[in-house]
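Chemist: Take this structure, written in structure tokens, and hold onto it; I'll ask about it next.
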Amino acid sequence: MASPFSMPAFLSSRPYRALVVLGLVSLVVACGKKGGAEGDKGGQPPATVTTAQVQPVRWSDELKALGTANARESVTITASVSQTIASVEFDSGQYVKKGQPLVTLVQGQQAANVVQAQAQLRNAEQLYERSRKLADQQLIARADLDTQRSALEAARAQVATQRATVADRVIRAPFSGVLGLRLVSAGSLVTLGTPITTLDDVSLIKLDFTFPESALSQLALGQRVNARSDAWPGETFVGRVASIDSRVDPVSRAITVRAEIPNADGRLRPGMLLDVGVERATRDTLAIPELALQQNGEVASVFRVEPGNQVKEVPVKIGSRRFGEVEVVSGLKPGDRIVVEGTVKLRDGSKIKDVGAKATTDQDGARSGDGADGARPAKEG
């Protein structure tokens, strides 16, 4: 009689045993794949990056603004009387000296009045001289001599008045400078206030610009000013802060600053728009490469290297910028190491491999050459 614990005949058959073995092999392979996938999921290789150490630097930057150029002296030449122009004695764009005649108005009547006044003056002088001699001889009263003296002074004043009317008919340059466009011609009738031309002294440019009131503590007389114009690419015009307005605009909350820039070559013209940079005092601060900065809206951050070659994303407050560098106001301290290149591959807590540190790179290279990441020998394939 068969034992109750004996294996049935079909279970001991060769085909069944083969099926059992095949099922066990498949189960082992499936478990191996699952374990391998889980291992891959938790074992990402470290990201290759370049780092730099944060150190204090000497920082000198500029307060930026837009400014308008003005001439040292500027005026619109106009007529002070109504009269016809007799001659125009200048050309557009001409350099003139102070007192040089520009326009002569018709002055026939005024010249005749001068001649008449001079004749009256000569007559008054003769009468006075005769009265003085008679008074010396006590032939006339002293009161009569005083009357003749008054008449002589009035005649002299009349001559001066008539000469002034003639002078008003000659329009002269009030100061040395460059004339603008000629707006009148000989024979034109000009009236009081009619513009004839403009005159600008451009030997020195007054540059006016504004800053927010928050920048007032950073401004001082004598600060260096660097001005740049699109008309002269690559050129920097250097000047100094000459004055700071005594009032802050109550509407815009801005303060006006005036700088003076020498302009002996005349390349700057009144009315030009200039980019202005006022140099601030040099100071010690922390600075990082601009490439290391992560900007997300108004929030700035960097990846700081932590122990164990991990990175931590830390927020920072930035100040001014210059030539590929950014000033860090807060968020980092001297000696911190940050990631400069390779930030796009990182997130908070990522592992890194620093190729910027030469010694570390050499050691890692030696380890990788020992076969840690190399291919298996062919015989194991």
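The values are calculated or read from the model by the stated rules, or taken from the named source; none is laboratory data. This one's a predicted model, so the numbers in the text were calculated from it and none came from an experiment. FYI the Cβ positions are ideal-geometry reconstructions off the backbone, even for glycines, and counts take in every protein chain you see.
Chemist: Could you list, in sequence order, all residues of region 245-258 that are surrounded by 13 or more Cβ atoms within 10 Å (Cβ to Cβ) and more than 18 Å from the chain's Cα centre (by Cα)?
Modeler: Selection gives Asp245, Val248.
Chemist: Six or more apart or on different chains, Cβ under 6 Å: which pairs go from a residue in region 44-66 that's touching a residue at least 24 places away in the same chain (Cβ under 8 Å) and in a strand (DSSP E or B) to one that's of a type in the set (Ser, Thr, Tyr) and surrounded by fewer than 18 Cβ atoms within 10 Å (Cβ to Cβ)? Could you list them?
Modeler: As it stands, the answer is Arg58/Thr282; Trp59/Thr285, since those pairs meet every condition given.
Chemist: What number of residues within region 297-311 are under 18 Å from Val355 (Cα atoms) and surrounded by fewer than 18 Cβ atoms within 10 Å (Cβ to Cβ)?
Modeler: Matching residues across region 297-311 total 5.
Chemist: Would you kindly identify the strands (runs of 3 or more DSSP E) lying entirely within region 144-247 that contain at least 1 residues that are more than 18 Å from Pro101 (Cβ to Cβ)?
Modeler: Fully inside region 144-247 and qualifying: 195-212, 224-228.
Chemist: Out of region 255-286, which residues are touching a residue at least 60 places away in the same chain (Cβ under 8 Å), in a loop (DSSP other than H, G, I, E, B) and of a type in the set (Lys, Arg)?
Modeler: Once the filter is applied, which keeps residues that are touching a residue at least 60 places away in the same chain (Cβ under 8 Å), in a loop (DSSP other than H, G, I, E, B) and of a type in the set (Lys, Arg), region 255-286 yields Arg269, Arg280.
Chemist: Is one or more of the residues making up region 296-303 of a type in the set (Phe, Trp, Tyr) and either more than 30 Å from the chain's Cα centre (by Cα) or at pLDDT 90 or above (or both)?
Modeler: Among the residues of region 296-303, at least one is of a type in the set (Phe, Trp, Tyr) and either more than 30 Å from the chain's Cα centre (by Cα) or at pLDDT 90 or above (or both), which makes the answer yes.
Chemist: For Gly319, indicate whether it is out of contact with any helix residue (DSSP H, G or I) (no Cβ under 8 Å at 6 or more places or on another chain) and over 23 Å from Arg347 (Cβ atoms).
Modeler: yes
Chemist: What number of residues within region 183-227 are basic (Lys, Arg) and modelled with pLDDT of 95 or more?
Modeler: Within region 183-227, residues that are basic (Lys, Arg) and modelled with pLDDT of 95 or more number 1.
So that you can scan it fast, the table gives a plain yes or no per residue for (1) within 30 Å of Ala86 (Cα to Cα); (2) in contact with a Ser or Thr (Cβ under 6 Å, 6 or more places away or on another chain); (3) acidic (Asp, Glu); (4) loosely packed, with under 15 Cβ neighbours inside 10 Å:
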position: Thr198; (1), (2), (3), (4): yes, yes, no, no
position: Phe211; (1), (2), (3), (4): no, no, no, no
position: Gln218; (1), (2), (3), (4): no, no, no, yes
position: Asn226; (1), (2), (3), (4): no, yes, no, no
position: Gly239; (1), (2), (3), (4): no, no, no, no
position: Ser243; (1), (2), (3), (4): no, no, no, yes
position: Glu260; (1), (2), (3), (4): no, no, yes, no
position: Leu273; (1), (2), (3), (4): no, no, no, yes
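Chemist: What number of residues in region 111-141 are surrounded by fewer than 16 Cβ atoms within 10 Å (Cβ to Cβ), in contact with a helix residue (DSSP H, G or I) (Cβ under 7 Å, 6 or more places away or on another chain) and without any contact (Cβ under 8 Å) to a residue 24 or more places away in the chain?
Modeler: 1
Chemist: Hey, another quick one. Which pairs do you get when a residue that is more than 15 Å from Lys312 (Cα to Cα), found in region 322-344, comes within reach of a residue that is among the charged types (D, E, K, R), reach meaning Cβ atoms under 7 angstrom, with the pair 6+ apart or on two chains?
Modeler: Close Cβ pairs (under 7 Å, with a partner that is among the charged types (D, E, K, R)) amount to Arg322/Asp61; Gly324/Glu290; Glu325/Glu290; Val326/Glu290; Val329/Lys317; Ser330/Lys317.
Chemist: If you take the residues in region 312-336 that are assigned to a strand (DSSP E or B), small (Gly, Ala, Ser) and surrounded by 13 or more Cβ atoms within 10 Å (Cβ to Cβ), which one is nearest to the chain's Cα centre (by Cα)?
Modeler: It comes out as Ser320.
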